[in-house]
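> After the structure tokens below, expect a handful of questions from me.
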Amino acid sequence: MKKLQMVIGGCLALLLFGCASGNKTDLAQEIDPKPAVSESANLMIQAEKQQADLLAFKEYARASENLKKAQLGLSGNYETKYMLDKAEEAKLNFERALQLSRDRVPIAARILEARRSSLNAGLRNSETLVAALAKVDDDLRDETNNFSRALGSKEFSKFQKKYLALEIRAVQFRELNDVENTIRKADRADADDLVPKTLGQAQLDVSEAENLIAQSPREPNIYPPFVTHEVN
């Protein structure tokens, strides 16, 4: 009799466990992954403001990759668990990147200001400049042994110049990209034959504007009005 009771009790326990597990699965499927993905996306914004993409590159890169997968899942109707897992991995890595960045800021504070100026100029709007920034960042991490030591005066000057050059290019892209695209379109439409003087003047205007920006990238008042010169 006791053995029979034990068998019945065991069966009931397994039945209850199965029901409980089923409920958990159902609940997991009902969870909306969007808030978790949004939370990770907000952490990414914080990380970029803190320049974690430089200071904690590996953690930032892992987090970004997981966030992309979670966001892709939202648009592709992936399984809820997959999206939640990727969002959670992104969150943990972004939080780690933020902590590492806070720890490393004192070592890199001065050079971070130069880098921030290039970002504020709109550098991320150009894929070419983003690639150029990544190269300088890699060199800086190597030079500082991943920010385990501070830059010397000569090293600081070298990297400051590199980031300033990127800032100048970012401002030139921001101010002149539209008119340069217009000139390229006009050139493809045989403007050099139809309106050679107008095209030539526009090209000279852009060259002059590039030079003025290079001299004072942070003073928009000096940018000439002819950078919006249209080629018809």
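No lab work stands behind these numbers, since they all come straight from the coordinates. Bear in mind the structure is a predicted one, so any value in this text is a computation, not a measurement. Here the Cβ positions follow ideal geometry from the backbone for every residue, glycine too, while neighbour counts run over all protein chains shown.
> Extension gain E88-D142, at 0.36 nm per residue separation less the Cα-Cα distance, in nm? Mind dumping the intermediate values first?
Values: separation 54, 0.36 × 54 = 19.44 nm, distance 3.00 nm.
Between E88 and D142, full extension yields 16.4 nm more.
> Next question. Sum up the charges of everything whose Cβ sits under 14 Å from the Cβ of F147, counting Lys and Arg as +1 and Asp and Glu as -1, but leave F147 out.
Charge balance in the 14 Å sphere: -2.
> Less than 15 Å Cβ to Cβ from S126, Lys/Arg counted +1 and Asp/Glu -1: what total charge do the surrounding residues give? The partial results should precede the final answer.
Working: positive: R124, K135, R169, R174; negative: E127, E167, E175, D178, E180, E210.
My count for the surroundings of S126 gives -2.
> Could you pull out the trypsin sites (Lys or Arg not before Pro) across region 115-174 that fall in loop regions by DSSP (anything but H, G, I, E, B) with no more than 15 other Cβ atoms inside 10 Å?
For trypsin sites (Lys or Arg not before Pro) across region 115-174 that sit outside H, G, I, E and B with at most 15 neighbouring Cβ atoms in 10 Å, the list reads R149.
> Starting from the Kirkwood Rh over alpha-carbon pairs, what translational D in µm² s⁻¹ does region 32-106 have by Stokes-Einstein at 10 °C and 1.306 mPa s?
133
> 7 Å from Cα along Cα→Cβ at both R110 and S207: what's the point-to-point distance in nm?
It is 3.8 nm.
> What pairs in K58/K135; K135/K185; K86/K135; K34/K91; K135/K158 have C-alpha atoms more than 20 Å from each other?
Over 20 Å Cα-Cα: K135/K185; K86/K135.
> Given a Förster distance of 30 Å, report the FRET efficiency between R102 and S75 from their Cβ-Cβ distance, rounded to the nearest 0.05.
0.35
> Does region 44-163 come out rounded, prolate or oblate by the C-alpha gyration tensor, with a ≥ b ≥ c the root eigenvalues, rounded set by a/c under 1.5 and, if not, prolate when a/b is larger than b/c and oblate if not?
Values: a/c = 2.90, a/b = 1.88, b/c = 1.54.
Taking the square roots of the gyration eigenvalues as a ≥ b ≥ c, region 44-163 is prolate.
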